[in-house]
Amino acid sequence: MGGSGSFAATAFCVAQDERNLINKSRIPAEAGSIDKFVPAGWKIEEQLTGDLNGDSVPDYALKLVEDKPAKDSDDVATERQRGLVIILQNEGGKLTRAAVADKLLQCTHCGGSFYGVSESPANVKIEKGGVIMVDQDHGSRNLANTTYRFRYDATSQQFILIGFDYADADRATANVVSESTNYLTGVRIVTRSKGNRDVKSRSTIPVKKVSIEQVDSEKFEEAAVKRLGLS
């Protein structure tokens, strides 16, 4: 299983090697409307609304994608990069850029053979308590899934990583190796499943604040694969 998992991770990284990342400097710190936070060459793939900083005023999470054709002449999904822009709104309606995550979301054609000619997703949700959840997967026989959760930290005025889950599932054998890390408590739980048997181990990591803008999905996955012995 280790070899297959390594291949899945490598395929993802190769696909993401030369990324046309969204340029934060082209996104205004403040603007009067949502569309002003979308730089030239990009468009809104999905717009989510919710109270992200606990002031009872609706805020926004914009999942942006490169403004290019979604499919080629053979009806195959093209490779378009993605970016996530977080916008806070105050009671007066003023809109402020809170974060730009340029390396968090996988591209539209980075799902590997599991998605084939179809577009690979990068799912973003706003959960209870204003938590931003990002879930995405890719692979072939081995399917790698990552889930990130972020929450606004008033002290630093940043969206901080509070949880990261990684799982590698062998679709042929149903064997699963996974880890779940709580960045608030520093507790990491690794689960190795084989058939109906789960073996769990627990460890701790230093507690530190990691902002959404610092998270590079490639590096997070590479580190998890190495820790789990899948490379």
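Structural remarks
- 3J(HN,Hα) couplings calculated from phi for segment 194-209 with the Karplus curve 6.51 cos²θ - 1.76 cosθ + 1.60 (θ = phi - 60°) are, in sequence order, 9, x, 9, 10, 10, 10, 10, 9, 10, 9, 10, 10, x, 7, 8, 8 Hz; Gly and Pro show x.
- 14 Å beta-carbon shell around K36, net charge (K/R +1, D/E -1): +2
- Long-range HN-HN contacts of E45 with modeled amide H, under 5 Å: K63, L64, V65
- Distance from segment 154-231 to segment 82-127 (C-alpha centre basis), Å: 20
- For D51, the residues 5 or more places off, or on other chains, whose built amide H falls under 5 Å of its own are D59.
- Projecting label points 7 angstrom from Cα along Cα→Cβ for K226 and T49 puts them 4.4 nm apart.
- Fully extending the segment from S156 to D135 would add 5.1 nm, taking 0.36 nm per residue of separation and subtracting the current Cα-Cα distance.
- Relative contact order of the chain, defined on C-alpha pairs under 8 angstrom at six or more residues apart (%): 18
- Per-residue ³J(HN,Hα) for segment 112-126, Karplus 6.51 cos²θ - 1.76 cosθ + 1.60, θ = phi - 60°, Hz, x for Gly and Pro: x, 5, 4, 9, x, 7, 7, 6, 8, x, 9, 7, 10, 9, 10
- Shape of segment 146-231, Cα gyration tensor, a/c cut at 1.5: prolate
- With helices as the sole contributors, the chain gives -3500 deg cm²/dmol at 222 nm; each DSSP H run of n ≥ 4 counts as -39500 (n - 2.57), and the sum is divided by every residue.
- Backbone phi angles across segment 169-181, fed through the Karplus curve with coefficients 6.51, -1.76 and 1.60 (θ = phi - 60°), yield HN-Hα couplings of 10, 8, 6, 7, 9, 6, 6, 10, 10, 9, 9, 9, 10 Hz in residue order; Gly and Pro are listed as x.
- Interchain or long-range residues, amide H under 5 Å from Q158's placed H: D153
- Here the dipole of the chain is about 820 debye; that uses its Cα centre as origin and unit charges on the Cβ of Lys and Arg (positive) and Asp and Glu (negative).
- Projecting the Cα atoms of F220, F37, V85 onto the charge dipole of the chain, computed from C-beta unit charges around the Cα centre, puts F220 farthest toward the positive end.
- Residues in segment 215-231 that a label on K200 would reach, taking backbone N under 15 Å of a point 7 Å out along Cα→Cβ: none
Bear in mind that the values in this text are calculations on the coordinates, not laboratory data. Please read all numbers here as calculations on a predicted model, not as lab measurements. With ideal geometry, Cβ positions are generated from the backbone for all residues, glycine too; neighbour counts draw on all protein chains shown.
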